[in-house]
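Enquirer: There's a structure below that I have some questions on.
The values are calculated or read from the model by the stated rules, or taken from the named source; none is laboratory data. Predicted model, so just to flag it, every value in this text is computed and none were measured. Note that each Cβ is placed from the backbone with ideal geometry, even for glycine, and that neighbours are counted across all protein chains shown. The area values use the complete protein model at the heavy-atom level, side chains included, leaving out ligands, DNA and RNA. Shrake-Rupley method; radii C 1.70, N 1.55, O 1.52, S 1.80 Å.
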Amino acid sequence: MPPETILDTAPAPVGFGESLKYWLKLGFISFGGPAGQIAMMHLELVERRRWISERRFLHALNYCMLLPGPEAQQLATYIGWLMHGVKGGVAAGVLFVLPSLLILIALTWVYVSFGSLPVVAGILYGIKPAVTAIVVFAAYRIGTRALRHGVLWAIAAAAFVAIFALDIPFPYIVLGAAILGMAGGKFMPDKFKAAGGHGTSGRDYGAALIDDHTPTPSHARFSWARLSALVIIGLVLWGSVMALLSGQSTLFTMGEFFTKAALVTFGGAYAVLPYVYQGGVEHYQWLTTHQMIDGLALGETTPGPLIMVVAFVGFIGGWSKALFGPDTLFWAGAAGAGVATFFTFLPSFLFILAGGPLVERTHGDLKFTAPLTAITAAVVGVVLNLAVFFAWHTLWPAAIKTAPFSGQFEWFSALLGTAAFIALWRYQAGVVKVIGACALLGLGYSMLA
């Protein structure tokens, strides 16, 4: 049979078991951050397997980018839901995250158990400036996409001043930006139109299982009854787990905190990091600034969404607070990691499974996109503040707020961070490669020093 005939015929229906194998595989190989993960899904699901057409894939992606939470994980959930209903969405979303959670629990245990060894300390010394460069580059990358004119630049600058100089909590900055966006969408609509960002490529990969004109399956059509049922199920799940944790104050607090974090993650994982930093480091003191930087490095070098750094924060918090006594530190850490992950991702499932059909009706409506445009602009300023904080603690590790430049200046860290940024920006080097190179250089320098 000629290749043209094969491409003109949609693939055979995909069973639930076959899709499970793919989502599990993706969970173990999804390196490269959201851009890399989305590219992997496009290559496999659109081009090779043809489970979904280009246009339907991009439509789902644009919807996920409007939501708080990790867009790559939500995209996997969306496609799984479109193919096999609620069970397909839950399976795709869980398997996207589960391997990363297990790997991070193991790596974090190694980190807290052996992090003081000279070899490990040397590797971490090199990783810290690399992570700082990655966050600076993230601010640059988000900024070049989001700050299209002076109004949005002003919102970004105001957000930076608010969090850096005034210590205003991140949720209030998000709320303020949303209000500005609502007003801007009404009085300056041209300034607050959502950026295009994800147009179609114009390529045709052949007939797909879910093609451009394939009718929306019944389970994906809007229904008030279905919406109500899923929201109730989500709230019951949330409330039941919170009730189970009520006897353990630290885990209960983590449940509350990471639920709030999940609802303010507009702009991707880098947007929520400042909020997690404010709560986990400054307010609850579950971990230190240097541990937060190390956790971000571990999150960058493991599969799954970067927001999985919350599992590291939860593990360190459970371990440091010795939740179940000094003899069960690993289980305390694992419990903290599990609680942080559950409450961070539960809203993402609800946004897709319950809100998908409803929000798709309003996709492109300026009343909904203008606040998100302003929030994304504010995120640039907030992420830049995080980069400044990381750079400060990396270059002056002994400094404190009352003496911000006290102690020895780490000139090698400054050189390493600058080189890492150039590698990311000028040569488009991969994050894992940059972290690996800096880790080796940091180890070599610490052994010679």
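Enquirer: Amide H neighbours of Ile210 under 5 Å, at least 5 residues apart or on other chains, H built in the peptide plane: list them.
Expert: Ile52, Ser53
Enquirer: For each pair in Lys87/Lys186; Lys21/Lys321; Lys87/Lys321; Lys25/Lys433, compute the distance between the two Cα atoms and list the pairs where it is over 31 Å. It would help to have the intermediate numbers written out before the result.
Expert: On the way: Lys87/Lys186 40 Å; Lys21/Lys321 38 Å; Lys87/Lys321 36 Å; Lys25/Lys433 22 Å.
In this structure, Lys87/Lys186; Lys21/Lys321; Lys87/Lys321 lie more than 31 Å apart at Cα.
Enquirer: Also, quick follow-up: Test of the criteria: in the range 221-321, which trypsin sites (Lys or Arg not before Pro) are in a DSSP loop and have at most 11 other Cβ atoms within 10 angstrom of their Cβ?
Expert: Passing both the DSSP loop test and the Cβ count: Arg221.
Enquirer: Quick one, could you list the DSSP H helices from the chain stretching 24 Å or more along their long axis (Cα atoms) with average Kyte-Doolittle hydropathy of 1.6 or above?
Expert: 224-245, 329-353, 431-448
Enquirer: Provide the packing ranking of 96-109, 422-435, i.e. peptides ordered by the mean count of other C-beta atoms within 10 Å per residue, highest first.
Expert: Details: 96-109: 20.9, 422-435: 15.4.
Answer by packing, highest mean first, reads 96-109, 422-435.
Enquirer: Let me ask you something else. Over the chain, calculate the relative contact order: mean separation of alpha carbon pairs under 8 Å at least 6 apart, over the residue count, as a percent.
Expert: On the way: 677 pairs, mean separation 137.4, N = 449.
Value for the chain: 31 percent.
Enquirer: Then there is this: Quick one: plug the Kirkwood hydrodynamic radius of the range 386-430 (C-alpha pairs) into Stokes-Einstein at 10 °C, 1.306 mPa s, and report D in µm²/s.
Expert: For the chosen part, D equals 139 µm²/s.
Enquirer: Give me the 1.4 Å probe accessible area per residue for the chain, excluding ligands and nucleic acids, in Å².
Expert: Computed with neighbouring chains in place, this is 45 Å² per residue.
Enquirer: Something else about it: Assigning unit charges at the beta carbon (Lys, Arg +1; Asp, Glu -1) and nothing else, what dipole magnitude in debye, to the nearest 20, does the chain show about its Cα centre?
Expert: Values: 25 positive and 20 negative charges, 93 e Å.
Around 440 debye, computed over the chain.
Enquirer: Would you mind counting up the charge near Gly417? Only other residues with Cβ under 10 Å from its Cβ, with Lys and Arg at +1 and Asp and Glu at -1.
Expert: Result for the local shell: 0.
Enquirer: As an exercise, take the mean of 1/r over every pair of distinct alpha carbons in the range 67-157, invert it, and state the Kirkwood radius in angstroms.
Expert: Details: mean 1/r = 0.0593 Å⁻¹.
So the Kirkwood estimate lands at 16.9 Å.
Enquirer: Here is a further query. Cα centroids of the range 306-336 and the range 63-85: how far apart, whole angstrom?
Expert: The two parts, judged by their Cα centres, are 28 Å apart.
Enquirer: Additional query: If you roll a 1.4 Å probe over the range 124-174 with all protein chains in place, what percent of the accessible area is carbon or sulfur?
Expert: It is 72 percent, rounded to a whole number.
Enquirer: Can you work out the FRET efficiency for the pair Lys21 and Ala229, with r the C-beta to C-beta distance and R0 = 30 Å, to the nearest 0.05?
Expert: 0.55
Enquirer: So, one more: Hey, what D do you get for the range 218-325 in µm²/s if you plug the Kirkwood alpha-carbon radius into Stokes-Einstein at 37 °C and 0.692 mPa s?
Expert: Translational diffusion coefficient: 211 µm²/s.
Enquirer: Report the Cα centroid-to-centroid distance between the range 215-255 and the range 383-414 in angstrom, as an integer.
Expert: 41
Enquirer: What number, rounded to the nearest 500 deg cm²/dmol, is the helix-based mean residue ellipticity at 222 nm of the chain, given -39500 (n - 2.57) per DSSP H run of at least four residues and division by all its residues? Intermediate values should be presented prior to the final figure.
Expert: Working: 18 runs with 309 residues, N = 449.
Theoretical 222 nm ellipticity from helices: -23000 deg cm²/dmol.
Enquirer: Assuming R0 = 25 Å, can you tell me the calculated FRET efficiency for the pair Arg55 and Ser218, based on Cβ-Cβ distance, to the nearest 0.05?
Expert: FRET efficiency, Arg55 to Ser218: 0.75.
Enquirer: Taking the Cβ of Pro169 as the centre, find all other residues whose Cβ is under 13 Å away and add up their charges (Lys, Arg: +1; Asp, Glu: -1).
Expert: -1
Enquirer: Mind jotting down a quarter of the surface of the convex hull over the alpha carbons of the chain, in square nanometres, one decimal?
Expert: With the hull built on Cα positions only, its mean projection is 23.5 nm².
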